Amino acid sequence: MIKRTFAIILATTLAFPAIILAQKWEGVADTPQMGWNSWNKFAHRLNEQLVRETADAMVSEGLLDAGYVYLNMDDCWHGERDENGFITCNAEKFPSGIKAVSDYVHSKGLKFGIYSDAGRKTCAGYEGSFGHEYQDALQYARWGVDYLKYDWCSSENINPQGAYALMRDALRASGRPIFFSMCEWGSNKPWLWASEVGNSWRTTGDICAVFDSVSNRSWMNSVMTIVEQNVNLRKYAGPGHWNDPDMLEVGNGMTTNEDRAHFTLWCMMAAPLILGNDICNMTQDTRDIILNKEVIAIDQDRLGVQGLRLRSEGALQLWFKPLENGDWAFCLLNRDRNPVDYTIDWETLCFTDTEVSNLSTCFDRTTYSIRDLWEKDSRKANKGTTEKSLTVNVPGRDVILYRLSPKDLSACGIGALPVSSK
Ligand code: GLA
């Protein structure tokens, strides 16, 4: 009898392997995550006061209203493990403890994120989660954590698929829906295996506040170096599992043009929008970029398709992203330092996105209205239609970004397109 029961269990397990695997948390990443993270600007200067002040500013600056809901602490919050192996925080940096800080963040209507590492040590040398995965996930859940960024330092001889699946299972077992942000830098091609594991995965090494650089050798990557690595991975991204080309550097030292181009490209690539600047001290230019709701809507579009680079013409790059209701985002990027005049001849830009969405730009069959999303004067934002060509001037290291809306959807053969319920 015992033998028979065992045989049945074994047969069931083999036939339905999924039943013995935990699932990642779903419903937390229908669109790319938005928020703020301490690392790019503050690194080891993370502390309780910074978190509280940033939480206040995220609300008073209108960032929460614009969709930036996660406040994420990166590396350097850790203390030692206690006598039972539970992780503690650095009591000097966090005198009230993590639960009190998390409660404060939640009291502002925000969600709270934390950082750990699949290896023995974090990248800054603090306690990693290796060997403590379930215990750490439980502790995070007790603290009210909503988001875990999980790094890959000190991971020698650790299997990446196993390590990330282990933490996925631990987060699931904690009982609290926690966004799982994998930070393995693309080293083991997570796009090929992680759609059932993480809600997003880093595709590159670390970003820095440099727009373009000739050298690709350093660990710190310029915006354009990262774009080159992320652009060809679009077929792996979608609702629930996003390519993550790293956090934003807007407001951290690039020019306003470069910041605008960087932000726009992240939106065109349906990238996570995790701010990395000092929210408590922002210039108006920075605010104008990160709070532009129509640009954010390109990133957050419910279709969830990472945009594509259709072609390059000299320093100019032509990008498209299919959107809900037959709309398209169109971006002209000027990679060069000098401004470029360009005539957009819409009929030459008819194509079908055969790689991901199967949607077409139908400039030959219907006209689209053109809305300039970076034009501050709303009376000037209407740029007419695609009926005739349009000559534009693209400033150096900057973009033009349009939202194109078709006059006649049926002309494009789009009957069954997901239509917004908003
Ligand atoms: C790695 C990550 C960064 C940051 C640091 C913290 O380099 O890629 O995003 O989290 O570790 O030490």
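Values computed for the structure shown
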read-out: Candidate set from the stretch 86-109 (those that are of a type in the set (Phe, Trp, Tyr) and surrounded by fewer than 21 Cβ atoms within 10 Å (Cβ to Cβ)); member that is farthest from Met58 (Cα to Cα); value: Phe86
read-out: Residue match in the stretch 307-322 (condition: of a type in the set (A, V, I, L, M, F, W, C) and over 21 Å from Arg234 (Cα atoms)); value: yes
read-out: Some residue of the stretch 104-126 being modelled with pLDDT of 95 or more, of a type outside the set (A, V, I, L, M), in contact with an Asp or Glu (Cβ under 6 Å, 6 or more places away or on another chain) and more than 16 Å from the ligand (Cβ to nearest atom); value: yes
read-out: Scope the stretch 212-229; condition in contact with a helix residue (DSSP H, G or I) (Cβ under 7 Å, 6 or more places away or on another chain) and either modelled with pLDDT under 95 or surrounded by fewer than 20 Cβ atoms within 10 Å (Cβ to Cβ) (or both); matching residues; value: Asp212, Ser213, Asn216
read-out: Residue that is surrounded by fewer than 20 Cβ atoms within 10 Å (Cβ to Cβ) and more than 15 Å from the ligand (Cβ to nearest atom), where the choices are Leu265, Leu192; value: Leu192
read-out: Scope the stretch 240-249; condition part of a loop (DSSP other than H, G, I, E, B) and either of a type in the set (Lys, Arg) or within 16 Å of the ligand (Cβ to nearest atom) (or both); matching residues; value: Pro245, Asp246, Met247, Leu248, Glu249
read-out: Residue in the stretch 32-41 that is within 16 Å of the ligand (Cβ to nearest atom), touching a Gly at 6+ places or on another chain (Cβ under 9 Å), at pLDDT 95 or above and farther than 30 Å from Arg302 by Cβ present; value: yes
read-out: Index of the failed condition, Ser420 passing every other in (1) part of a loop (DSSP other than H, G, I, E, B); (2) modelled with pLDDT of 95 or more; value: (2)
read-out: Test: residue in the stretch 133-154 that is more than 15 Å from the ligand (Cβ to nearest atom), of a type in the set (S, T, N, Q) and not in a helix (DSSP H, G or I); value: no
read-out: Check on Gly128, crowded, with 18+ Cβ neighbours inside 10 Å and in contact with a strand residue (DSSP E or B) (Cβ under 6 Å, 6 or more places away or on another chain); value: yes
read-out: Condition broken by Lys388, with the remaining ones in (1) surrounded by fewer than 21 Cβ atoms within 10 Å (Cβ to Cβ); (2) outside any loop (DSSP other than H, G, I, E, B) satisfied; value: (2)
read-out: Pro339 vs. criteria in contact with a Pro (Cβ under 8 Å, 6 or more places away or on another chain) and in contact (Cβ under 8 Å) with a residue 12 or more places away in the chain; value: yes
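The values are calculated or read from the model by the stated rules, or taken from the named source; none is laboratory data. Computed from a predicted model, the values in this text were never measured in an experiment. Backbone-built Cβ (ideal geometry, glycine too); neighbour counts: all protein chains shown.
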